[in-house]
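As C-alpha cells, the structure follows; a few thoughts come after it.
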Amino acid sequence: MNVTTNQPLQVISPDRSAVGQPPPGQRPVTERFAYDNTIVRNFAVASIIWGIIGMLVGVLVASQLFAPAANLGNQYTTFGRIRPLHTNAVIFAFVGNAIFMGVYYSLQRLCKARMFSDLLSKIHFWGWQLIILSAVATLPLGLTTSKEYAELEWPIDIAITLIWVVFGINMFGTIVKRRERHLYVAIWFYIATFVTVAVLHIVNSMEMPVSFLKSYSMYAGVQDALVQWWYGHNAVAFFLTTPYLGMMYYFLPKMANRPVYSYRLSILHFWALIFLYIWAGPHHLLYSSLPDWAQSLGVVFSIMLIAPSWGGMINGLLTLRGAWDKVREDAILKFMVVGLTAYGMATFEGPLLSLKNVNGIAHFTDWIVAHVHVGALGWNGFLTFAMLYWLIPRMYHTPLHSKKLLNVHFWLGTLGILFYAVPMYISGFTQGMMWKEFTPESTLRYGNFLETTLQLLPMHRMRAIGGSLYLVGAILMGYNLFKTMAVGTLTANEPAEAPALPVAYKPEGSDTFWHRWLERKPFPLLVASLVVILIGGLVEMVPTFMVKSNVPTIAAVQPYTALEVEGRDLYIREGCVGCHSQMIRPFRSETERYGEYSKAGEFVYDHPFLWGSKRTGPDLHREGGKYPNSWHYHHMRDPASMSPGSIMPPYPWLLEQKLDVSHTEAKLKALKQVGVPYEDVTIRYAQDDLQKQAGDISSQLAKDGIKVQPDREIVALIAYLQRLGTDIKKMETAVK
C-alpha cells in the first residue's frame, strides 16, 4: 500500500496577531492543516482482520452445538473456553476498531482539526491491539472472570482503562482545538459513549486479585448479578449502539448527500436514549432472585426505550427521502438501510422480551441468541461494512476494486442473517414451549432435558450455515478492500483549511436556544451526560447494596470449603456457565424439573455469581446429591455414556491433570477480604481440609470401581457439583 505524506502548514497573520483574532475590519485568517488518515486506515485494517477471525471462531463455536468433535479434542478450543473469545473478538476487536475508525475520521472533519496528538493516536491503536491479543492468549487458557462481555482478568482491565483514557484525552483535545463552533449530533453520542463506558467498566471490574491472572469479583450473588447486567446491557447500549448512532448521523447524510431529517428529533433521541437505557439492565434478571422492585424498574424503562430507539431509526431512514433511487443502485446505502432496519427490529424486540410473560418463555433459550445477532450482524456488522466500503476508496483516491463483489457481499450477508436468525427464533420458541409443556396427568411431557436439546439440532446446523455465509461475505470484503488499497495511494495527511475559531462569540437569534449553548460547550455536555447516566444506576444499585432486606441471608448457607473453591474455579475455567444456569425460576415447570426455586440468600458467598444466560444443558443449582460421584466422573469422561445423544464434549484432561493448589490459601484470603467469613484457622489449615475431602471422594470412587488419585482436577469439580443446592436441603431436613 502506497502512502503520500503532506505535512500540515502553519499560517500566521501578516501583523503577527493571534490566529482567530484578526485586526478590525479584516476577515479571519484561514488556517491550513491536515487530517490524519493513517490512524483511520490502521483501525480499518484491524477491524477487517479481527472481524474475519472473530466470525471464524463464531462458526467453530456454533458447530460444536451439533458436532462436539468440532472442538478438535483440545481443551483450549472447547465451546466453554472459546465462546467468550468469539464475543470479545466481535465486540471489542471487530466493532471496537470500527468505532475508533469512524470516530477518528468523522471527529477530525466535524471539528475541522487534526487529532489532538499523533502520539496518543498511535498509543491508542497499538494499546488496543495488545489488549485484544491478551484476550486471545488468556481466554482459551481458561483465565476468565466468567462475567459476560467482561471476562478479561484484572491486569487487562487496568490496561483497558488506561487506553480508554488515552482515547478520551485525544478526543477532547481535538474538540477543544476545533475550528467549528457547533458540536454536531455525532459528537454528542461520542461524548456519551466515552463517559458511560468508563463508568460501566470501572464499576463492573472491581475485583480482588489473588495472583497475576486470577481474581474474584468484589460483589457477590444478587449484587454481582445486578452490577453485571447493568454493565452487560449498557455495554450493548453504549458500545454497540451509541457510537454507531453517532456514526450513522455522520456517514449516512454523507453517503446519501442529504441533510439529517430532523435536528430536534436528534436532540430528543439523544437525551431520552442515554437516560432510559441505563435503567434497563434488570430485565435480564426477571424471575430471578433479584428484588421484585428492581425487576419492575427494568421492565418499565425497557418499554419506554422503544420511543427514543425508533426515533433514531426513523431519523436515519427519513434522511434518505429523495434518495431512494440511490439506494436501489448503491449497495453501500443498502447496507445502511438494512442495518437501520435491523436496529429497529432489535430495539422493538428488546422491550418485548422485557415483558415478564414473554421473558418467562424466552429467557435461557435460543430466542435471545437470535435477538442479539439480529443487532450484531445487522446493525453493527452492516454499518461497519458500509463505512469501510465508503471510506477506503476515498482515502486511497481510487474506485472500489469490484462493485460486483460488493453486491455479492451484500446478498451473502443478508442471507447469512436470515439463515442465522430464523432458525434460532424457531429453536427458541420450541425450547420455551417444550420446557413448559405438561401432560393431562400433570407431569412434564419432556421431563428429560436432552429431549429438547436433540429436537433443536437441525436449527443449529442451519445457524452454522448462516454464520458461514456471513463469514464468506466478510472474507470477500477483505479481499475487495485490500485490492483497492493495493491499487490506490493513501493520503496519510489530507490537506484541509478552515478559519480559526473566534475567541469572542455572542449568540444571536435562534442560537440562544438552550441546547445550542450546550452544543458549544463540550465539558458541560460531558458533565450533563454523566449525571443523566448515573441516575438510573444509583437508584437501582444503592438500595440493593445498602438495604439488607433486599438480600435476606439464610443461616444454613455456609462458605465453600477449600476443595469446593478450587472446583468452582475449574467450573469457571471450563466455561460451564455458558451452557448451564444456576438459577431455578419460580415456575412449576422448573421446580418439577430441577427442585426448589433459587433464593437470594443462597448466593451470598458466590464471587462471581454463576446464574448463566443460556441453557444448552439443564440447570445445575440443585445438582448436589442428585447423582453419585461415579456418575459425575463418567459424565465428564464420556457424557454420552450417562446421557445418550448428549452434545456435551468429553473432558479427559480433568481426569489426568493434577489440581494446582499453590494459591488455595491466597484464594481464601481474597474471598475473606470481599466478605466471605472464613476463620483464620480455616485458611491456615486449608490444605489439610482440602486433602481430607479429596481423599474421601477418591475413596468413594474406588468403592465404585474407579481408581483416581485425590489430587486430580476431577475430584475438586465433583466436590463443587455435589455442594450445589445442598444448603437448602440441609435446612429442609432440619425443619422436618
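The values are calculated or read from the model by the stated rules, or taken from the named source; none is laboratory data. Predicted, not measured: the structure shown is a model, and the values here were computed from it. Positions of Cβ are backbone-derived with ideal geometry, glycine not excepted, and every protein chain shown enters the neighbour counts. Note: accessible area is taken over every heavy atom of the protein model, side chains too, but ligands, DNA and RNA are not part of it. Shrake-Rupley method; radii C 1.70, N 1.55, O 1.52, S 1.80 Å.
When nucleic acids and ligands are ignored and a 1.4 Å probe is applied, residue 438 ends up with an accessible area of around 50 Å². Net charge in the neighbourhood of residue 156 (other residues with Cβ under 15 Å of its Cβ; Lys, Arg +1, Asp, Glu -1) is -2.
Per residue, the solvent-accessible area of the stretch 266-317 (1.4 Å probe, heavy atoms of protein chains only, all protein chains present) comes to 29 Å². With an a/c value of 1.5 or above and a/b larger than b/c for the gyration tensor axes a ≥ b ≥ c computed over the alpha-carbon atoms, the stretch 617-673 is described as prolate.
Protein-only accessible surface at a 1.4 angstrom probe places the residues 707, 672 in the order 707, 672, largest first. Solvent exposure of residue 149, expressed as accessible area, is near 30 Å², computed with a probe of 1.4 Å over the protein chains only. Measure off, as a whole percent, the carbon and sulfur share of the 1.4 Å-probe accessible area of the stretch 608-672, all protein chains present. C and S fraction of accessible area: 57 percent. Couplings 3J(HN,Hα) of the stretch 244-250, computed from phi: 6, 5, x, 5, 4, 5, 8 Hz, in residue order, whole Hz [Karplus 6.51 cos²θ - 1.76 cosθ + 1.60, θ = phi - 60°; x for Gly and Pro].
Computed about the Cα centre, the dipole magnitude for the stretch 268-399 is approximately 280 debye when only Lys and Arg (+1) and Asp and Glu (-1) carry charge, each at its Cβ.
For the stretch 95-155, the square roots of the Cα gyration tensor eigenvalues, ordered a ≥ b ≥ c, give a/c of at least 1.5 with a/b greater than b/c, which places it in the prolate category. Helical runs assigned H by DSSP (4 residues or longer) give the chain a calculated mean residue ellipticity at 222 nm of -19500 deg cm²/dmol, each run adding -39500 (n - 2.57) before division by the residue total.
Rounded, prolate or oblate: which fits the chain, taking a ≥ b ≥ c as square roots of the Cα gyration tensor eigenvalues, rounded meaning a/c under 1.5, else prolate when a/b beats b/c? Taking the square roots of the gyration eigenvalues as a ≥ b ≥ c, the chain is prolate. Solvent-accessible surface of the stretch 349-395, averaged per residue with a 1.4 angstrom probe and all protein chains in place: 21 square angstrom. Just to confirm the number: angle between the C-alpha axis of helix 221-238 and the first principal axis of the chain, 0 to 90 degrees, nearest 10? The angle comes out at about 30 degrees. 3J(HN,Hα) along the stretch 567-572: x, 5, 5, 5, 4, 5 Hz, from the Karplus curve 6.51 cos²θ - 1.76 cosθ + 1.60 with θ = phi - 60°, whole Hz, x for Gly and Pro.
Against the criterion of solvent-accessible heavy-atom surface with a 1.4 angstrom probe, 284, 515 sort, most first, into 284, 515. Helix 713-723 and the long axis of the chain differ in direction by around 80°, with both axes built from C-alpha atoms.
All other residues with a Cβ under 11 Å from the Cβ of residue 701 taken together, and with Lys, Arg as +1 and Asp, Glu as -1, what is their net charge?
+1
Pairs over the 28 Å Cα-Cα cut-off, from the set 334/483; 334/521; 548/667; 436/703; 436/599; 147/692: 334/521; 436/703; 147/692.
Within the full protein context, the accessible area of residue 101 is estimated at about 0 Å² for a probe radius of 1.4 Å. Each semi-axis of the equivalent ellipsoid for the stretch 346-412 is √(5λ) with λ an eigenvalue of the Cα gyration tensor; in descending order they amount to 37, 12, 7 Å.
Could you pull out every residue, at least 5 positions away or on a different chain, whose amide H is within less than 5 Å of the one on residue 115? Hs are placed 1.01 Å off N in the peptide plane, and Pro or chain starts have none. Excluding prolines and chain starts, which carry no amide H, the hits are 36. Note on exposure: 332, 465, 278, 306 ranked by accessible area (1.4 Å probe, complete protein assembly) read 465, 306, 332, 278, with the most exposed listed first. The value obtained for the stretch 160-281, namely the Cα convex hull volume divided by the number of residues, is 119 Å³ per residue.
In the stretch 237-391, the portion of solvent-accessible area held by carbon and sulfur atoms comes to 69 percent [1.4 Å probe, whole percent, DNA, RNA and ligands not counted]. Kindly express, to the nearest 10 degrees and within the range 0 to 90, the angle between helix 79-88's C-alpha long axis and the longest C-alpha principal axis of the chain. It works out to around 20 degrees.
Hey, what did the stretch 103-199 get for relative contact order, percent, Cα under 8 Å, at least 6 apart?
Once normalised by length, the contact order is 44 percent.
The residues of the stretch 81-223 present an accessible area of 29 Å² per residue when probed at 1.4 Å with all protein chains retained. The label point for residue 707 and the one for residue 538, both projected 7 Å from the Cα toward the Cβ, are 6.6 nm apart.
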